[in-house]
Ligand code: GLY
């Protein structure tokens, strides 16, 4: 097993090395016909490429990875100081794997300060009256003002971390309130998840669950379910609130119960199973990381542990053997979906799929865990 992971890591690092020149000063997002679309660091996904470079360096200490990781991190720092395209809840996705990673690996004080500044930026989206982080749109936006999304669970580690390093409890309090609201309103009674939920932004009254990227309001978008598994597991790691562990396990069990025969999931558990259905390998890669995190948190002798470990290994086998790309490819994982409902469905590479695939491999081979929490 271990050789398989090692070989998959080596193949990934080869592609990442070639991508350093291919991507240059730009940032990959999703691909079209197997060529990554690059942008000038103005999307929610920039941090993943930076995090891949830091992970590559963490694994083999190659100077080429280090200098690229430093260079891309400084572009992220520039974006932060220019406050460019940061009106989003995705600040955790942007800064945990970039400045956060640099701090964890190099103990660079400026990177630590910038990561705290990123947390401050995210706090500007906290809506105290409701106790949530507004996902999209400007403050008081009539449509988006009281709307939350499940993806935001993965932005909470930045805040939990900020409280730990600054000693200021405000970040943790806000994150805890959000996680409680997500648990109450985004997780349904059958342990599936809504992608999004609306509240009245003045009164805080819950209005309704809905979707943006899933098949329908009542369906279960697979990537959202994976964000929930991993996000609640991380919230438990930081808080030790047993409710969060229970929710992570319940959402994981829902995912496991609904796995298709081919193991790697399609974009939505409830999308019609016709010949055009799109897979989302990124949802499966995120799930592996979430399940691996859960294995660190539960009793090793339990039946639950064995079940999770089996699914994790099966999923990884399928990703490695059926979803990885050829030697010369830019992407690591094929058949990721972005937003099928919105017509953004490359069925190709998505940079977060590549990031979480590499994180999953490094978790399994080296016991690394990405940059979502710091081991001191
Ligand atoms: N909005 C983040 C995602 O597409 O998962």
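A short reminder: the numbers here are calculations on the coordinates, not readings from a lab. Everything quoted here is computed from the prediction, not taken from an experiment. Note that we place each Cβ from the backbone using ideal geometry, even for glycine, and neighbour counts take in every protein chain shown.
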Exercise. Which order do peptides 217-223, 136-142 fall in by mean Cβ count within 10 Å, highest first?
Worked result: 217-223, 136-142
Problem set entry | Cα-based Kirkwood hydrodynamic radius, region 240-304, one decimal, Å | 13.2 Å
For this session: Would you order 274, 200, 90 from fewest to most other beta-carbon atoms within 10 Å of each residue's own beta-carbon?
Result: 274, 200, 90
Exercise. Cα centroids of region 192-216 and region 60-82: how far apart, whole angstrom?
Worked result: 36 Å
Problem set entry | Rounded to whole Å, sorted largest first: equivalent-ellipsoid semi-axes of region 79-225, Cα gyration tensor | 27, 16, 14
Problem set entry | Inter-centroid distance (Cα atoms) of region 97-162 relative to region 335-374, Å | 20 Å
Exercise. Using the C-alpha gyration tensor of the chain, what are the square roots of 5 times its eigenvalues, in whole angstrom, with the largest one first?
Worked result: 27, 25, 21
Exercise. Which residue fluctuates the most in the chain, going by a Gaussian network model with Cα springs under 10 Å, if the choices are 187, 35, 340?
Worked result: 35
Seminar exercise, completed: Expressed in angstrom and ordered largest first, the alpha-carbon extents of region 61-160 along the principal axes are 49, 24, 20
For this session: Please report, to two decimal places, log10 I(q)/I(0) for region 316-376 at q = 0.16, 0.21, 0.30 Å⁻¹ as given by the Debye formula with identical point scatterers on the Cα atoms and no solvent.
Result: -0.60, -0.87, -1.22
Exercise. So for 216, 98, 81, fewest C-beta neighbours within 10 Å to most, what's the order?
Worked result: 81, 216, 98
Problem set entry | Helix-derived mean residue ellipticity, 222 nm - over the chain, DSSP H n ≥ 4, -39500 (n - 2.57), to 500 | -16500 deg cm²/dmol
For this session: Of all alpha-carbon pairs in region 152-260, indicate the percentage at a distance above 18 angstrom.
Result: 49 percent
For this session: May I ask you to derive the relative contact order of the chain, considering only C-alpha pairs under 8 Å and at least 6 residues apart, and to give it as an integer percent?
Result: 18 percent
Exercise. Stokes-Einstein D for region 1-126 at 4 °C, 1.567 mPa s, Kirkwood Rh over Cα pairs, in µm²/s?
Worked result: 86 µm²/s
For this session: Would you please classify the overall shape of region 232-376 from the alpha carbon gyration tensor, given that a ≥ b ≥ c denote the square roots of the eigenvalues, rounded means a/c under 1.5, and beyond that prolate means a/b larger than b/c while oblate covers the rest?
Result: prolate
Problem set entry | Sequence of 196, 251 once ranked by neighbouring C-beta atoms within 10 Å, starting from the fewest | 196, 251
